[in-house]
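To start, the structure under review is shown below, and the notes come after it.
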Amino acid sequence: QLLEGIKGWQWDPYTEQWEKNYQNVKIMGVEKFFAVDRTLDADEKSLNEWIKSQRNAYHKHKMTDERKLKLESLSGWIWDNDQAMWMECFNAVKEALTKYEWLEMPAGLKSPGGRKLYNWMSNQRTAHHKGRLKKDYVTLLESLDGWVWNKLEAQWIYGFSRLKEYCI
């Protein structure tokens, strides 16, 4: 009882810090950490690292079932780091399409994580061509207005339509 009377005393500081981080992510929303226009302040960067550490603990089977269930209750929670990266790039492409046409998208455009979207899209087309792209990813990409699997064919059609406009 004497210890509990000391201001700031904690019996289990790790659990209390975990709960604090969990509540902060819950309040902010998991999506904030995958948003295209994200600019994270120092506290948010710390939470982003915490999210990564939770994923790592999960994959190493070093997480309690209680914590696993709590994290899974968060809307938009993703366990897989690769899936999180994929969604980050997908959302960045989706956002870019509100500003640019497919074939006019700048080659230097990057995801919030610094991945070049042009290369990412090319990698998705290659994986699809080789039959290695997850069906869920195929569905998401095909949901984008104007997505094409054969870029060369799309470029030809685009050029032909521009030529027709010029000639008319």
Discussion item. Please give the Cα centre distance for the range 132-163 versus the range 46-96, rounded to the nearest Å.
Written reply: 29 Å
Worksheet, complete the sentence: The set of residues whose placed amide H lies less than 5 Å from the amide H of Lys110, leaving out same-chain residues fewer than 5 positions away, is Leu117
Item to complete: Could you work out how far apart the two model spin labels at Gln17 and Lys99 are, taking each label as a point 7 Å from the Cα in the direction of the beta carbon, and quote it in nm?
Response: 3.7 nm
Worksheet item: What label, among (i) 143; (ii) 164; (iii) 204, belongs to volume of the Cα convex hull per residue in Å³ computed from the structure on display?
Response: (i)
Worksheet, complete the sentence: Treating only Lys and Arg (+1) and Asp and Glu (-1) as charged, each at its beta carbon, one finds that the range 82-168 has a dipole about its Cα centre, in Debye to the nearest 20, of 300 debye
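If you roll a 1.4 Å probe over the heavy atoms of the protein chains, what accessible area per residue do you get for the chain, in Å²? Write down the numbers at each step before the final one.
Numbers: 11800 Å² over 168 residues.
That works out to 70 Å² for each residue.
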Worksheet, complete the sentence: Cβ-Cβ cut-off under 11 Å around Trp102, Lys and Arg +1, Asp and Glu -1: the net charge is -2
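Carbon and sulfur: what percent of the range 82-168's accessible surface (1.4 Å probe)?
Values: 3130 of 6000 Å².
That fraction is 52 percent.
The values are calculated or read from the model by the stated rules, or taken from the named source; none is laboratory data. None of the values given here were measured: they were computed from a predicted structure. Cβ sites come from the backbone with ideal geometry, for glycine too, and all protein chains shown count toward neighbours. Quick note on the areas: whole protein, heavy atoms, side chains included, nothing else; ligands and nucleic acids left out. Shrake-Rupley method; radii C 1.70, N 1.55, O 1.52, S 1.80 Å.
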